[in-house]
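K.L.:
First the structure, which I've put down as structure tokens, then a few questions once you've had a look.
The values are calculated or read from the model by the stated rules, or taken from the named source; none is laboratory data. Since the structure is predicted, the reported quantities are computational estimates derived from the model, not experimental observations. Here the Cβ positions follow ideal geometry from the backbone for every residue, glycine too, while neighbour counts run over all protein chains shown. The accessibility values were calculated without ligands, DNA or RNA, using every heavy atom of the protein model including side chains. Shrake-Rupley method; radii C 1.70, N 1.55, O 1.52, S 1.80 Å.
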Amino acid sequence: MIKCSVCHSKMAPPGTKTVSRAYDTHRSYVSSKNRLLNVLLVGGDCILVGFQPILVYMSKVDGGFKFSPISVNFLTELAKVVFAIIMLLFQARNKKVGEKSLLSISSLVQAARNNVLLAVPALLYAINNYLKFIMQLYFNPATVKMLSNLKVLVIAILLKMIMKRRFSIIQWEALALLLIGISINQLRSFPEGTTSLGVPIATGAYLYTLIFVTVPSLASVFNEYALKSQFETSIYHQNLFLYGYGAIFNFLAILGTALFKGPSSLDIMQGHSKATMLLICNNAAQGILSSFFFKYADTILKKYSSTIATIFTGIASAILFGHTLTINFVLGISVVIISMHQFFSSLSKVKDEKQSGSLEMVDGQDIKRSKDALLLNMTAGANEEASHRVHEEEKRPLLPI
């Protein structure tokens, strides 16, 4: 309870539901204002995410990789750091008179202190980027893309727990449809055989899938929370630290690999080809675009846009590598598209908006009651004070005239 220092009346503090409604109102306002930005983000994300598994598949030689996947991730993070520095230099040259330079020592130190939390998603992304290559050893590109869509449900649960996001029943049903569509596509998708460790491929694939889904989901939610919690900080400052942390973690992984495999592992350019260079550029652009999703748009929108890329990946995989588009894939992607339409349709938000409106009405009534109580208390206090003064005046002895 909150106690007023003036009238000493008590009122209930705003709860988590109030915070949730405030977040939803802000989100709907931003999405309507920046609708064009969202369309551009989704379009660019579909192209980059759709090409990513194709380029990884093209980088394989005899079913494996001649290069170190960690070196690709390290070079990708370096490319993103260079991009962030270039954008900061560009902004510094075009700053207005009286504005503080984004490259000043004080600005960098302050931004570093405010964005320490970005180290968490940077570490999780470093692990996830390595898993992307491992998954390619078990599944074809289209299947990898479909498996990554499982992250949507995990992200929705994490958003509800961490950021108090609210979803309507129809939206939860849409997420269930998404899982059904992915499951249809996964029927008979595991290749036969065993790994070099003697563990059945299906068992290893399930294990990697579990990690492949949970780790990047945590990274996405923590990334969105970190970026939006410091919304006033320049996104290029935040990218500089996020990608800087990522480069450090991948470099430590390279050093760790060198301890086990020898100094030759320190040659980060070993085994690279034109396909891997394209892959590095694609991954860097995809990571930069993702930061704009998390700060200015929405994590769920980012993952659903990646789902759209599944169609592009499947068709390109069939054209370039002769992979068959099975009836399972066609049915699965059809269910996924229905799920997307249902999740973002106006019908899925009608009930939620009505509930929000009714809750806001209840809040308005509570505020009105609080104001009335405050007014009554103030009036009662004023009347009591006036009565007390009259009583004191009556007690005073009359002075002789």
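K.L.:
Does SER106 fit the bill of being modelled with pLDDT of 85 or more and farther than 23 Å from ALA219 by Cα?
P.N.:
yes
K.L.:
For the stretch 88-107, what are the residues that are open to solvent by less than 40 Å² (accessible area, probe 1.4 Å) and either touching a residue at least 12 places away in the same chain (Cβ under 8 Å) or closer than 16 Å to LEU289 by Cα (or both)?
P.N.:
LEU88, SER107
K.L.:
For SER346, indicate whether it is over 24 Å from GLY50 (Cα atoms), modelled with pLDDT of 75 or more, open to solvent by 20 Å² or more (accessible area, probe 1.4 Å) and small (Gly, Ala, Ser).
P.N.:
yes
K.L.:
Taking the stretch 42-57 on its own, how many of its residues are open to solvent by less than 10 Å² (accessible area, probe 1.4 Å) and either more than 19 Å from the chain's Cα centre (by Cα) or closer than 17 Å to LYS274 by Cβ (or both)?
P.N.:
3
K.L.:
Something else about it: Open to solvent by 20 Å² or more (accessible area, probe 1.4 Å), within 30 Å of ALA226 (Cβ to Cβ), of a type in the set (Ser, Thr, Tyr) and assigned to a helix (DSSP H, G or I) - does that describe any residue in the stretch 301-313?
P.N.:
Taking every residue of the stretch 301-313 in turn, none turns out to be open to solvent by 20 Å² or more (accessible area, probe 1.4 Å), within 30 Å of ALA226 (Cβ to Cβ), of a type in the set (Ser, Thr, Tyr) and assigned to a helix (DSSP H, G or I).
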